[in-house]
Amino acid sequence: IGQSGENQVQYACVINDLKHACGRNGTGAIMGYKNLKAVAIKGTLGFNFKDKDKIMEISKWYAKYQKDHPLSRGKYLYGTAAGVESLSKSGILPTRNFKDGSFEKAKEISGQTMADTILIQRGGCFGCPVRCKRVVKVDEEDMQVDPKFGGPEYETIGAMGSMCGIGDLEVIAKAHELCNDFGIDTISAGVSISFAMECFEKGIINEEDTEGIKLNFGNEKALLKLIEDIAYKRGFGKILAQGVKEMSQEFGKGSEEFAMHVKGQELPMHEPRGKIGVGLGYAVSPTGADHMQAAHDTMITEDGPILDAVKILGLTKAVDPMTYGKDKAEFYGIMEKWWSFLNMVGMCDFIPAPRGSMPIEKFMELINAATGWDFTPEEAMEVGERGITAARKLNYDLGIDESHEDLPKRLYQPLQNGSLKGVSMDKDKFLEMKKYYYEYMGWDEKGYPKEETLTRLGL
Ligand code: SF4
């Protein structure tokens, strides 16, 4: 952990090798609280796979297979920020604290522009052939960014860029470097600064509160200074280090309406007014607003190879991102169980279908070659379901219940620009869909797992 974790910033994170972030939920603050600076691991025993030859065979096959596959190729070429411009055109690029859905400088901060300017290498996690990670370098007189910190991914570009009204990739790369250096979650930091910018522009806070900083959207110098101030909890950074939930409680004056968090966790860079299922995920996620709980509804919008790839999990229909209802609740539940299973086996969501190019059957072969089991997709789904249900039971036992499972008021209000201008979420339909989801998961109408569900899952 960095200074941010040592000082117990609410959204301090754990950084591995200076560039891989265990980003969300303030795990760095927990380590700081326990006086635990780092965990070092060195192994000597190698991998103890049941069928090593099979693992090697599938790995070699996949390294070749994924190379020209559209679901892998774009990630390699342009990283996770490949879609910045198209998201902006579709009106779902979170911009200026989710007031807007389109950013006039989307092209300047896209993965494509990065590839043409500051990108010096495509990086990746250990052994992964997809290599979606970025390594960037800036060496200007007034700005240097060290490649040892990797490079900004989509979430960082959204949170530090469009959310703060900043369209300069070098500034965003510097913000990314500072966050990795201090051990700060880039999403929560960007959303907190963006929230403060809106409060400043609305006159809810002023220069006296910010200690002389003119905190308008687009203020690049303020962004970089405040990241450091957050890490050391000094000046206005001490306020920002609390995150938007506590900031809005302190600022008052109606700022709660646009404090973009669920269960105290700041929203990631995905706009629920254009992906209703993602909104459901933000509300019901056990860890607060999270975009990595389930595949997004924009991923499977029509019949075709992606839908075919996940039929084995029980999904039979594509979905319209703009609809609510039973089908959407079921879509979310199925995808959530699958991604929960991937989390449990430590597999990146960008590898197997539907987000990645590896067929699910092939992925199950890998699991079985590693373990020597005869594991089926149905069993995998049950393991995923058990994880979700156990987390829910724990949350409810700790007092985090259905009353916390709603969205920030702003999402029920219209977007201010872009192709979805005027579109808002329908609260009644949203709450009805949440009930369908509880029902699908075998929970009661308050969202608590029914006795028979707990028994079936061995909980
Ligand atoms: S494991 Fe996932 S995040 Fe890591 S390089 Fe591969 S695709 Fe990217």
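Values in this text are rule-based calculations from the coordinates and carry no lab data. None of the values given here were measured: they were computed from a predicted structure. All Cβ positions, glycine included, derive from the backbone under ideal geometry; neighbour counts span all protein chains shown.
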Quiz prompt | DSSP H segments from the chain that extend 24 Å or more along their own axis, Cα-based, with Kyte-Doolittle mean of -0.5 or above | solution = 326-345
Self-check item: FRET efficiency, Asp53 to Glu452 (Cβ-Cβ, R0 45 Å, nearest 0.05)
Solution: 0.55
Practice problem: Treat the count of other C-beta atoms within 10 Å as a stand-in for reagent exposure and order Val84, Val345, Val14 from fewest to most. | Solution: Val345, Val14, Val84
Practice problem: Please list the non-local residues whose amide H lies under 5 Å from the amide H of Gln265, H modeled 1.01 Å from N, same-chain partners needing a gap of 5 or more. | Solution: Ala289
Self-check item: Within region 1-73, chymotrypsin sites (Phe, Trp or Tyr not before Pro) in DSSP loop having at most 11 other beta-carbon neighbours inside 10 Å
Solution: Phe47
Quiz item: What ranking do Tyr282, Tyr438 get, fewest neighbouring Cβ atoms within 10 angstrom at the top?
Solution: Tyr438, Tyr282
Quiz item: Which shape class, rounded, prolate or oblate, goes with region 1-153 when its Cα gyration tensor gives a ≥ b ≥ c as root eigenvalues, a/c under 1.5 marks rounded, and past that a/b bigger than b/c marks prolate?
Solution: oblate
Quiz item: How far, in nm, would the chain grow between Arg131 and Lys409 when pulled straight, counting 0.36 nm per residue and subtracting the alpha carbon separation?
Solution: 96.3 nm
Quiz item: Out of the DSSP beta bridges found with both residues in the chain, what percent are antiparallel (nearest 5)?
Solution: 95
Exercise. Once you have a ≥ b ≥ c as the square roots of the Cα gyration tensor eigenvalues for region 288-348, tell me rounded if a/c is under 1.5, and otherwise prolate or oblate according to whether a/b is larger than b/c.
Key: oblate
Quiz item: Got a sec? Charge dipole of the chain, +1 on Cβ for Lys and Arg, -1 for Asp and Glu; which of Thr117, Gly28, Pro321 is way out at the positive end?
Solution: Thr117
Exercise. List the GluC sites (Glu not before Pro) within region 134-225 that fall in a DSSP loop (any state other than H, G, I, E or B) and whose Cβ has at most 14 other Cβ atoms within 10 Å.
Key: Glu140, Glu141, Glu207, Glu208, Glu211
Self-check item: Cα centre as origin, Lys/Arg/Asp/Glu Cβ charges: the chain dipole, Debye
Solution: 700
Quiz prompt | Lys, Arg +1 and Asp, Glu -1 on Cβ, resulting dipole of region 18-70 about Cα centre, debye, nearest 20 | solution = 200
Self-check item: Surrounding net charge for Thr186, when Lys and Arg each add one and Asp and Glu each subtract one, Cβ distance under 9 Å
Solution: -3
Practice problem: Quote to one decimal, in nm, the extra length available between Glu432 and Leu459 on full extension: 0.36 nm per residue of separation minus the C-alpha distance between them. | Solution: 7.0 nm
Quiz item: Taking square-rooted eigenvalues a ≥ b ≥ c of the alpha carbon gyration tensor, is region 241-296 rounded, prolate or oblate, where a/c under 1.5 means rounded and, failing that, a/b exceeding b/c means prolate?
Solution: prolate
